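Asks: Sharing a structure, written as structure tokens. Questions coming.
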Amino acid sequence: MFLGNSSGLYSKISNFVALILLLMPLADKKIVLIVSGGIAAYKINYLVRGLVKKGSEVRVVLTPSARNFVSELTLSTLSKNPVLSEFYDAQGVWNNHVEIALWADAIVVAPCTANTLSKMVHGGCDNLALAVYMSAKCQVFIAPAMDLDMYSHPSTAQNIEIAESYGHSIIPAQYGELASGLIGQGRLEEPEKIIEHLESFFLRPRLVMDLAGKKVLITAGPTYEAIDPVRFIGNHSSGKMGFALARQAASRGAQVVLISGPTVLELEHPHVKVISVSSAREMQSEVFKYYDSVQIAIASAAVADYAPKVVADEKIKKSEDTMLIELVKNPDILMEMGQKKKEQFLVGFALETQDEVKNAQSKLVRKNLDLIVLNSLRDQGAGFKEDTNKIRLLSGDKQIEFDLKSKDEVAKDIFDFILTRLPS
Ligand code: PMT
């Protein structure tokens with residue numbers, strides 16, 4: 001959101017806007033407040049007042065029974081908008097529930113009675129407020145309020161769970177003295193706390209799900225090529241770059257298969273299947289189980305180019321002053337992916353120490369890639385083991401160079417670029 005110096009005035013304006021958003025997360029937010037019929041509705045005047053003071057625009061919708069608990073004149077004066085409760089107003093004009101719902105950046109149901117909660121989660125739609133709720137595409141906040149036994153009843157608990165499973169945010173009822181005179185949990189959360197819930201929601205960075213529906217295959221880490229049962233030929237790859245790519249893709253909605261050589265890293269995410277391998281041949285065999293079914297494939301693994309021709313069954317004993325190990329070429333997995341490519345967007349990495357661009361360019365063409373990510377060991381903070389990397393993207397005749405960044409940010413840049421090249 002914050003731009004660099006080069007963008008001048010535009011940069012200053014967007015920094016200012018970003019600052020305002022940070023300080024006033026509810027400024028210009030459109031809030032529909034649904035009020036249902038419980039005694040706690042008396043607090044709603046304060047909620048409306050608080051939201052308006054924070055810069056929000058508020059429209060109040062009442063359930064029929066809420067009209068017994070509040071003053072419509074007070075609420076419309078505080079919200080500066082007519083208060084709605086019927087499908088048609090006194091002049092017979094239709095109150096379009098779809099328009100009201102789609103207008104909202106958030107819907108708050110407060111107080112939410114047991115009856116309204118039950119109807120909300122089970123599809124009841126016998127009043128304007130419920131029709132607005134059912135038409136909503138924005139985040140819904142539910143602040144229940146009822147007597148303690150109603151609140152602790154299993155049906156209420158279950159309805160709250162169902163509401164959560166729909167992705168709604170529950171603002172739990174509080175403990176204290178209730179209208180019945182009993183003491184327990186069931187009080188409507190205080191208006192200023194409800195406002196805090198809304199503020200923290202609008203402050204949270206929005207998740208971008210621009211890889212939803214895509215399947216992504218990623219190779220990561222080193223490969224170990226066994227010499228004998230205790231020794232191997234390997235390299236310094238930690239797997240950090242590949243794991244960052246997998247995290248990034250999954251957080252943007254993709255289904256990810258992450259095939260990794262030996263690493264201490266772990267990744268638990270419902271969208272990521274981690275497959276652990278050791279040698280290049282094992283990696284090759286796993287890659288081609290999934291390759292045909294993915295839309296994006298990224299080879300960030302540091303695959304050993306050679307492996308011992310013979311792997312000793314027993315530990316090799318120390319004897320001569322010198323020892324020769326005959327190596328044979330490993331399969332080039334990425335080259336094979338390029339040859340078998342159909343619809344996949346294929347991304348390779350190039351780790352270079354000299355003639356970086358020339359070598360990367362040659363791999364891009366030779367391996368039939370759509371994009372190659374060049375990192376050079378000559379750049380400080382780039383390459384193996386670091387938490388950072390410095391990359392240059394090469395695709396066709398386009399080249400983009402990036403600053404040194406965390407591997408998570410590098411992964412973001414890579415997917416942002418890929419998305420510019422994918423058919424929508
Ligand atoms: O794991 P980290 O510690 O975070 O380090 C990240 C990294 C430096 C390993 C990563 O950023 C990186 O550069 N990975 C590629 C390393 C490499 O093997 O580069 P290469 O130029 O030798 O290979 C070119 C491409 O062919 C790579 O995509 C590689 O995965 C692939 N390849 C290479 C050889 C082989 N036999 N099979 C392959 O698939």
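The values are calculated or read from the model by the stated rules, or taken from the named source; none is laboratory data. What you see is a predicted model, and the numbers here were worked out from it, not measured in a lab. For neighbour counting, all protein chains shown are included, and Cβ atoms are generated from backbone atoms with ideal geometry for every residue, glycine included.
Asks: Do you know which residues across the range 235-276 are part of a loop (DSSP other than H, G, I, E, B), touching a Leu at 6+ places or on another chain (Cβ under 8 Å) and within 16 Å of the ligand (Cβ to nearest atom)?
Replies: So the first thing to find is which residues in the range 235-276 are part of a loop (DSSP other than H, G, I, E, B), and the list is 235-239, 252-254, 261-271.
Next, only the ones that are touching a Leu at 6+ places or on another chain (Cβ under 8 Å) stay: 238-239, 252-254, 267.
Result: Ser238, Gly239, Leu267.
Asks: With the checklist (1) more than 8 Å from the ligand (Cβ to nearest atom); (2) surrounded by 18 or more Cβ atoms within 10 Å (Cβ to Cβ); (3) under 16 Å from Asp416 (Cβ atoms) in hand, flag the one item Phe232 doesn't pass.
Replies: Looking at each condition in turn, Phe232 falls short on (3).
Asks: Could you tell me whether Val256 is in contact with a His (Cβ under 9 Å, 6 or more places away or on another chain) and more than 22 Å from Glu386 (Cα to Cα)?
Replies: Spelling it out, Val256 is indeed in contact with a His (Cβ under 9 Å, 6 or more places away or on another chain) and more than 22 Å from Glu386 (Cα to Cα).
Yes or no, residue by residue, for (1) surrounded by 22 or more Cβ atoms within 10 Å (Cβ to Cβ); (2) small (Gly, Ala, Ser); (3) touching a His at 6+ places or on another chain (Cβ under 9 Å); (4) not assigned by TED's automatic domain parsing to the domain that holds Val140:
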{"residue": "Lys54", "(1), (2), (3), (4)": "no, no, no, no"}
{"residue": "Leu62", "(1), (2), (3), (4)": "yes, no, no, no"}
{"residue": "Ala66", "(1), (2), (3), (4)": "yes, yes, no, no"}
{"residue": "Trp94", "(1), (2), (3), (4)": "no, no, no, no"}
{"residue": "Val98", "(1), (2), (3), (4)": "no, no, no, no"}
{"residue": "Trp103", "(1), (2), (3), (4)": "no, no, no, no"}
{"residue": "Asn115", "(1), (2), (3), (4)": "no, no, no, no"}
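Asks: Quick one: which residue in Arg204, Arg281 is within 16 Å of the ligand (Cβ to nearest atom), among the basic types (Lys, Arg) and surrounded by fewer than 20 Cβ atoms within 10 Å (Cβ to Cβ)? I'd like the intermediate steps shown before the answer.
Replies: Values: Arg204 fails: within 16 Å of the ligand (Cβ to nearest atom).
After applying the criteria, what remains is Arg281.
Asks: Do you know which residues across the range 284-297 are away from the ligand (no atom under 12 Å from the Cβ) and not in a helix (DSSP H, G or I)?
Replies: Val294, Gln295, Ile296
Asks: Here's something else I'd like to know. For Gly167, which of the numbered conditions (1) closer than 30 Å to Gln295 by Cβ; (2) assigned by TED's automatic domain parsing to the domain that holds Val109; (3) surrounded by 15 or more Cβ atoms within 10 Å (Cβ to Cβ) fails to hold?
Replies: Going through the list (1) closer than 30 Å to Gln295 by Cβ; (2) assigned by TED's automatic domain parsing to the domain that holds Val109; (3) surrounded by 15 or more Cβ atoms within 10 Å (Cβ to Cβ), Gly167 breaks only (3).
Asks: Within the range 315-340, how many residues turn out to be more than 18 Å from Val294 (Cα to Cα), in contact with a strand residue (DSSP E or B) (Cβ under 9 Å, 6 or more places away or on another chain), more than 8 Å from the ligand (Cβ to nearest atom) and not in a strand (DSSP E or B)?
Replies: 2
Asks: If you go through the range 298-314 one residue at a time, how many are in contact (Cβ under 8 Å) with a residue 40 or more places away in the chain, more than 10 Å from the ligand (Cβ to nearest atom) and not charged (D, E, K, R)?
Replies: First pass over the range 298-314, keeping only residues in contact (Cβ under 8 Å) with a residue 40 or more places away in the chain: 298-304, 306-308, 311-314.
Subsequent filtering for residues that are more than 10 Å from the ligand (Cβ to nearest atom) retains 308, 311-314.
Keeping just the survivors that are not charged (D, E, K, R) gives 308, 311-312.
The qualifying residues number 3.
Asks: Do we find that Leu211 is within 30 Å of Lys289 (Cβ to Cβ), buried (at least 23 other Cβ atoms within 10 Å of the Cβ) and modelled with pLDDT under 95 in this structure?
Replies: Numbers: within 30 Å of Lys289 (Cβ to Cβ): yes; buried (at least 23 other Cβ atoms within 10 Å of the Cβ): yes; modelled with pLDDT under 95: yes.
The answer is yes for Leu211.
Asks: Gln399 versus (1) crowded, with 18+ Cβ neighbours inside 10 Å; (2) polar (S, T, N, Q); (3) over 28 Å from Ala307 (Cβ atoms): which is the lone unmet condition?
Replies: Every listed condition holds for Gln399 apart from (1).
Okay, residues lined up against (1) aromatic (Phe, Trp, Tyr); (2) over 30 Å from Asp28 (Cα atoms); (3) at pLDDT 95 or above:
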site	(1), (2), (3)
Phe202	yes, no, no
Val216	no, yes, yes
Pro222	no, yes, yes
Leu245	no, yes, yes
Ala250	no, yes, no
Leu258	no, yes, yes
Val274	no, yes, yes
Met283	no, yes, yes
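Asks: Give Ile372, Ile391, Ile316, Ile333 a once-over and let me know the one that is outside the structural domain of Ile259 (by TED's automatic domain parsing) and among the aliphatic types (A, V, I, L, M).
Replies: Working: Ile372 fails: outside the structural domain of Ile259 (by TED's automatic domain parsing); Ile391 fails: outside the structural domain of Ile259 (by TED's automatic domain parsing); Ile333 fails: outside the structural domain of Ile259 (by TED's automatic domain parsing).
When all the criteria are applied, what remains is Ile316.
Asks: Could you please find all residues in the range 341-365 being within 12 Å of the ligand (Cβ to nearest atom), of a type in the set (A, V, I, L, M) and farther than 22 Å from Ser293 by Cβ?
Replies: Answer for the range 341-365, where residues must be within 12 Å of the ligand (Cβ to nearest atom), of a type in the set (A, V, I, L, M) and farther than 22 Å from Ser293 by Cβ: Ala350, Leu351, Ala360, Leu364.
Asks: Now a separate question. Filter the range 58-113 down to the residues that are assigned to a strand (DSSP E or B) and aromatic (Phe, Trp, Tyr) and list them by number. Spell out the reasoning first.
Replies: Just the residues of the range 58-113 that are assigned to a strand (DSSP E or B), to begin with: 58-62, 84, 88, 94, 106-112.
Of everything in the range 58-113, those that are assigned to a strand (DSSP E or B) and aromatic (Phe, Trp, Tyr) turn out to be Tyr88, Trp94.
Asks: Write out, first by first residue and then by second, each pair whose Cβ atoms fall under 6 Å of each other, whose residues are 6+ apart or on separate chains, and whose first residue, in the range 369-393, is closer than 11 Å to Ala350 by Cβ while the second is charged (D, E, K, R).
Replies: What qualifies is Ile372/Lys363; Leu374/Glu356; Leu374/Arg392; Ser376/Glu352; Ser376/Glu356; Arg392/Glu401.
Asks: Could you look through the range 375-398, keep only residues that are part of a loop (DSSP other than H, G, I, E, B) and more than 9 Å from the ligand (Cβ to nearest atom), and pick out the one that is farthest from Asp413 (Cα to Cα)?
Replies: Taking the range 375-398 as the starting set, the residues that turn out to be part of a loop (DSSP other than H, G, I, E, B) are 377-387, 390, 396-397.
Filter once more, so that each one left must be more than 9 Å from the ligand (Cβ to nearest atom): 378-381, 390, 396-397.
Working: Arg378: 21, Asp379: 18, Gln380: 19, Gly381: 17, Lys390: 11, Gly396: 17, Asp397: 18 Å.
The qualifying residue farthest from Asp413 (Cα to Cα) is Arg378.
Asks: Within the range 251-270, track down each residue that is under 14 Å from Ala297 (Cα atoms) and surrounded by fewer than 22 Cβ atoms within 10 Å (Cβ to Cβ). It would help to see each step written out before you state the result.
Replies: Our first condition is that a residue be under 14 Å from Ala297 (Cα atoms); within the range 251-270, this holds for 254-260.
Matches in the range 251-270: Gln255 only.
Asks: Tell me which of these Ser276 doesn't satisfy, since it passes every other one: (1) hydroxyl-bearing (Ser, Thr, Tyr); (2) touching a Pro at 6+ places or on another chain (Cβ under 9 Å); (3) under 22 Å from Ile372 (Cβ atoms).
Replies: (3)
Asks: If you check every pair at least six apart or on different chains, which have Cβ atoms under 7 Å apart with a residue in the range 237-263 that is on the phi > 0 side of the Ramachandran plot first and a residue that is surrounded by fewer than 22 Cβ atoms within 10 Å (Cβ to Cβ) and of a type in the set (S, T, N, Q) second?
Replies: Listed by first residue and then by second, the contacts come to Gly239/Thr263.
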